[in-house]
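Here the structure is laid out as structure tokens; the discussion comes afterwards.
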Amino acid sequence: MISYIDVNFKGGVSQMPNIKSAKKRVLVSAKKQARNKSTNSALKTALKKANIAIETNADGKEAVVKAAIKKIDQAAAKGLLHKNNAARKKSALASKLNAK
């Protein structure tokens, strides 16, 4: 499998496909990769905030956990997380919240 270099790289592209549809696939997959990376980053941030709120026994920890669960559901809906993985993450957050 050939890995492609970013098309917007100013120094030029060292490996770029010749076929028009393959060129488009490179561009489309780069957009999807950026979007997925952004969503994954937001999900991780929400999970970290929820865990910190639970551990420090913050005042609005229920709201923070609710926001994290929403991010988990959104990631599962977009296919970034498997539905069982999402359920496991939500269950772990709920059990941590109820234990404290």
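The values are calculated or read from the model by the stated rules, or taken from the named source; none is laboratory data. Please read all numbers here as calculations on a predicted model, not as lab measurements. For neighbour counting, all protein chains shown are included, and Cβ atoms are generated from backbone atoms with ideal geometry for every residue, glycine included. When the accessible area is computed, the model is the full protein with side chains, heavy atoms only, and any ligands, DNA or RNA have been set aside. Shrake-Rupley method; radii C 1.70, N 1.55, O 1.52, S 1.80 Å.
Annotation: peptides 47-55, 59-67, ranked by per-residue average of other Cβ atoms within 10 Å with the highest first, follow the order 47-55, 59-67. Evaluating 6.51 cos²θ - 1.76 cosθ + 1.60 at θ = phi - 60° for every residue in segment 90-100, the Karplus couplings come out as 5, 5, 5, 5, 5, 5, 5, 5, 6, 6, 8 Hz, glycine and proline recorded as x. Solvent-accessible area per residue in the chain equals 77 Å², computed with a 1.4 angstrom probe and all protein chains kept. The magnitude of the dipole of the chain, with charges of +1 and -1 set on the Cβ of Lys/Arg and Asp/Glu and taken from the Cα centre, is near 340 debye. In sequence order, segment 44-58 has phi-based couplings of 4, 4, 5, 5, 5, 4, 5, 5, 5, 5, 5, 5, 8, 6, 5 Hz under the Karplus curve 6.51 cos²θ - 1.76 cosθ + 1.60, θ = phi - 60°, and Gly or Pro positions carry x.
Over the C-alpha trace of segment 52-97, radius of gyration and Dmax come out as 11.1, 32 angstrom.
In summary, the lysines within cross-link reach of Lys90, defined as a Cα separation below 19 angstrom excluding same-chain residues under 8 places away, comprise Lys44, Lys48, Lys49, Lys61, Lys66, Lys70, Lys71, Lys78, Lys100. The candidate values were [x] 12.7, 34; [y] 17.0, 58; [z] 19.1, 59; the one computed from these coordinates for Rg and Dmax of the Cα atoms in Å carries the label [z]. When the Cα positions of Ile69, Leu47, Ala30 are compared along the charge dipole of segment 19-100, Ala30 comes out farthest toward the positive end, with charges on each C-beta of Lys, Arg, Asp and Glu.
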